[in-house]
Amino acid sequence: STGTGWTQTQYMPAGTTRAALGAFIGAFYDGQHPYHSMVVFNTSSINDYADIEKVEVRLNESYNWSYNGSGQSADIYSIEENVFDDPYNVDPLDTSASSLPPNSTYPDLYDDMADGNQYASNMFTTFTNNTWFPGSNSWFDLGEDAIGDCESHLEDAFFGLSIATRQSSVTSQRIATFAAYNDTVTPNRHLLKVTYIDSGTVTVDSNYRPALITVDGVPLDSLPADLTISYGHRTFAAEDEIIIVYGQERYIFHHWSTGDDTPTTTILIDKDFDFASPIIAYYDHEYYLDVVSPEGNIGGNDSGWYKDGTTIDTYITGSAGQTIDTRRMVTGWTAEGSAPISGTGDHVPPFEIHSYTRIVWTWEVQYKLSMQGALSPYIGPGPGWYFRNQPMVNVGVFPYTQVEPGVRKYAIGWTAVGALDDGTGNVIPNWIMSKPTIITWLYETRYELGITSDHGGVTGDTAGYYAPGTEINTGVTRLVYDDTDDGVRYEARSWTATGSLADGTGTEIPTFVITEPTYITWQWTTQYRLHVFSLFGTVTPEDYSWYDAGSTVEISASVPPDDDRQRFSWVGWNGEGDGSVDGGDPTETVTMNSPITQEAVWDADFYLTLDPGAGGFVNDVSGWYAYGTEVVVQATPPSPRLDTRFVLGWDGEGDGVVKMDPSLGNPSVISVKILSPTLQRAIWVTQYRVRLRNTEAFGDPRPPVGDYWVDEGDIFYGSVMPNVGGMICAGYEGTGSIDDGDLPIFSAVITEPSTITWLWREAEELPMKSWAESVLVAQGFRGRNLKAAVAPDGSVFAVAFYSQELRELRCHILRDGVWTPYVIARGESVGTFLDMDLDAGGNPHIVYYDGVRKQVRYAYFTPASTKADGGSFTDELVESGDYGRSLSMKLDSTGAPNVVYYDAELGDVRFLKRSGNGWLLYPISSLHDIGFYCALQITPLVDVPQVAFLDRDENAVKYARLENDRWQIETVAVSDNITGPIAMSLDIGGRPFIGYKEFTYPDDFLYYIANADENGWHSTPVVEERTSGVNASFVLDKLGYIHFVYNNDEMLTYLRYNGRQWERLDLDLGPADAWEVSLAMREDEELVAFFWNGNDMKAVATAGMDFPQDDFVALPPPQAPDETEQAETYGGGGGCFVATAAFGSLADASVRSLCALRDASVRSSAGGEALVSLYYAVSPAPAAGLASSDALRALVRRLLD
């Protein structure tokens, strides 16, 4: 070491070609203290490198060497690795962290020298240059055996370091010594090289780095600085004050690390100087506190410089500019810097200053509030000082002060000067202190009205204080009942009085004027309740009555005369209460000293009559029994018969009879309690066994194959699937109450044991139906939501629709070959959702959504008494609300309408049934957003409602059936692409077939029909044609085969399953605007399809259908629109104003695609529904302007395409 760091070695003398370096111990001493040092090296070749890794310094009081590791007071110092690669990096004698380079580490240390051969793990540097240390280039040959006894403990080659101190009277010098040994040239030769150093490294620093420090007049460029300073007196100077931000932040010199507190100091650098400790100039960091107040006196800490971290406590004392009714007062402060940013009051909470801080005190004017004439204590803000414009709330005085007994002075108002007007009352609610104010309170005298009523019930004017001359109207409730005993009450009959009133009678005191304190005492009479009763006959007085305390009352009892079913004998009275009677005759007297209960007691016997019904009794226990007797009765069934059983029930007349509906679990032994003349009846219901059989293991019979017990006279109902896998149900064979039949459904009244066996045959290929040419039905109406129906015998055809041209809901009825049109309702969106069914007489019943009034409405047709009058529709409300945007309706066997529709407000599907003049609601589900599309059918014979609907939350089609007033819900199909409308038809046995669509943008539809068997629901696409589901309708014939019509914007097509495969027939070319199609079937399975073609409605029927060819309804002349009607169109029905204006026709394929996308995608969420509604509210006007401009229409067409 040169004293400032490690340096590299020079090349060794000649002959040193390879050195395996070991441990060397050398010694220099100043004549008083020996020093020893050991350095461990290792290298494997002259070109390999090793770092100095360990340094051990030992102090020994003798001149003898130690060879083992037991030296005294060992101090271990670490030398950073690779120091030879980084000259002047670290002083090996300095163990402080500040002397090490960044990220350096101390290698592990050890002092084991037992064998003198300790080796480092790294490589030592090669000897590549000619200089060991600056200022010394000479080797000193110490000769042989200079080390003495160490030699025997060293390896053949070694390298070592020794450090000592040389001292003279002039200077002290550190001596760095290196020695090497090589036995390959001259054995036991020792070389020595010495360098003298007369200066040291001093670190100069400041706790504030930008400070300017000079050493001997030379400024330092940066801090900290490591300087090589020669011995002697050296002058260090630091700045006294450092300004960071003028007037806000500064540093003030405080002291040197040597203890000197003057900016300029002289330090002696000599052998005793501690080079390991830096010379540091310490500064105090100060911030300026700026306190500003236009008024008053500042207390505590005022403006000035404060050391960082000083606790500041500042406040305001006193007021300013005070007059008799005005002064200025501090209200708070605002601040920046270390103080709280703002506050109220005259004292800033103490804080530590860590930045420039400015505090500005705020002052406001205060006005004096004075009050005069107050006779009672103040409430709310009282007299005093208040800030200008301060809200004053509930300033007042206590309402009154007591002058003498019965006389008070009441505060009735005030007069005021200043910020307040005169007023009445004892409290001034809200006003603003805008100027000095004087309030004078006003009082009036009032007299006490005292009312004493032991039992309350005061009416009219109550007790209190009233102004002289006030008219008093007071009274009491005549009767007051006791709170603790309901047999006691009190009656007011008079009063006594002093003051302005005389005594009197009654419960209402005549009006009087109060002129002095007045006291009223009400007089009450106690009354007790008398309760007279008997289990038999009559009593007088009857039931409950009231009498004055101490009065007497006559009581009596009587019973009906004896007959063949009841008889009585007198026992006596049973009484409770002071003054009551026990025993005695039927007529007695009681004294009303308390509430009294009197029972007239009779001995009673009643006759029991038994009715065995169709069976009998084990013992006939008919006869006379005392009241309360329990009689055991045991019934026996009728004589047994084959396939017949009897079910017991109980019924009868009398208070103690047993009643049970017939059931297999009912007991045959019962206990009858005799409480009156009694008739106990045994009811035996006859049940017959009905056996259901099936010749094949398919068809899903319902009920399943098995034996069933049916009550005599009940209707038994069943069905199978009409066709299964190429087999057709050929009907059934029946015995007993069931006759043979040729349908897959039966219904019979069971009056004897019966059997039914289902029969099957192979399906035959049915001939394709022949269709007539399509005919015109209605011309020019441009309609929507077409619904058609035909009477079973084909005598009546009806079609209901909404005309966009006329904005009308219409129904056209065909009778005797002539169409008759009827208008049911008018208005925009009145009938855009509708459904229709025919009753047994062929009369249409229609349910529709009124979009203007947001109502579901029901209209039904009543034919006139004469053919010329035709008939008319009656229209009535079903339910109001945002309901009915998808709905379906069917009539049950009684002709009552059943309706299902969507609740847009709650996202529910609602089912209602007409009952009398009202509607009964049967909610289906509210768990999801369901019913946006829905369909309804009614099971034949048993009138069970069946509903299919779309569950938009689960993307599923679901099916619900109402059984015992509870809905059974099943999942039919699940798909992300499912959309509506939903359709449903029933086979002849009432089994549902559900139709739905799957939509893929832009215009791909695939229609599915789903049905269920014993294995669950199955969905099948009707055809693979991707547009088959745009508009479709289907029905089922008696064999369960599907008849299906649809349009694909080019063709109206009919599909029929013939028992083996689907057959197709194109019915009508070019439906220009085929929004809807509706298919209806007559009882003989002849078909008719109604559909829109452009603005016209057309119909096409099978050849067997007698359908008129030349009669139709033409569009009537236009009418002015009703200005009160509102435009409201929703998806699933409704065009697109902008697209129609751009493309010129609602029938255009692009318009159709956009409408389909709207219905299937946009409207599938509540947000989309709202967006569509907004569109229809704002788009008609822009669409009208667009239609008049060819250029704009062309531009919009390009955008929409």
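Every read-out reported here was derived from the displayed coordinates using simple, explicitly stated rules and does not represent laboratory data. On a predicted model such as this, the values are computed, not experimentally measured, just so you know. Because the Cβ atoms are built from the backbone with ideal geometry, glycine has one as well, and the counts that use them run over all protein chains shown.
The table below gives the values:
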{"item": "Candidate lysines - alpha carbon under 23 Å from residue 769, same-chain residues fewer than 8 apart omitted", "result": "787, 1038, 1098"}
{"item": "Positive-end extreme of charge dipole, region 373-446 - chosen from 427, 405, 386 (charges on Cβ)", "result": "386"}
{"item": "Nearest-20 debye value, region 669-745 charge dipole, Cβ charges on Lys, Arg, Asp, Glu", "result": "540 debye"}
{"item": "Anchor residue 913: lysines whose Cα lies under 20 Å away (excluding residues fewer than 8 positions away in-chain)", "result": "854, 890"}
{"item": "Net length gained if the chain between residue 864 and residue 576 were fully extended (0.36 nm per residue, minus Cα distance)", "result": "96.2 nm"}
{"item": "Rounded to the nearest 20 debye, dipole of region 557-675 from Cβ charges on Lys, Arg, Asp, Glu", "result": "720 debye"}
{"item": "Sequence ranges 754-761, 877-884, ranked by mean other-Cβ count within 10 angstrom, highest first", "result": "754-761, 877-884"}
{"item": "Inter-part distance where region 742-781 and region 637-652 are each reduced to a Cα centre, Å", "result": "40 Å"}
{"item": "Residue 620/residue 562 FRET efficiency (R0 30 Å; Cβ-Cβ; nearest 0.05)", "result": "0.80"}
{"item": "Relative contact order of region 293-366, defined on C-alpha pairs under 8 angstrom at six or more residues apart (%)", "result": "34 percent"}
{"item": "Reachable lysines from residue 435, criterion Cα separation under 29 angstrom, eight or more residues apart if same chain", "result": "368"}
{"item": "Residue 214/residue 372 FRET efficiency (R0 60 Å; Cβ-Cβ; nearest 0.05)", "result": "0.15"}
{"item": "Region 450-524 shape via C-alpha gyration tensor axes, a/c threshold 1.5", "result": "prolate"}
{"item": "Contact order normalised by residue count of region 775-1114, Cα under 8 Å, 6+ apart, percent", "result": "15 percent"}
{"item": "Nearest-0.05 FRET efficiency for residue 593 and residue 516, computed from C-beta distance (R0 35 Å)", "result": "0.25"}
{"item": "In region 689-751, the GluC sites (Glu not before Pro) that fall in loop regions by DSSP, at most 15 other Cβ within 10 Å", "result": "696, 712"}
{"item": "Segment residue 379-residue 805, length gained on full extension (0.36 nm per residue, minus Cα span)", "result": "145.8 nm"}
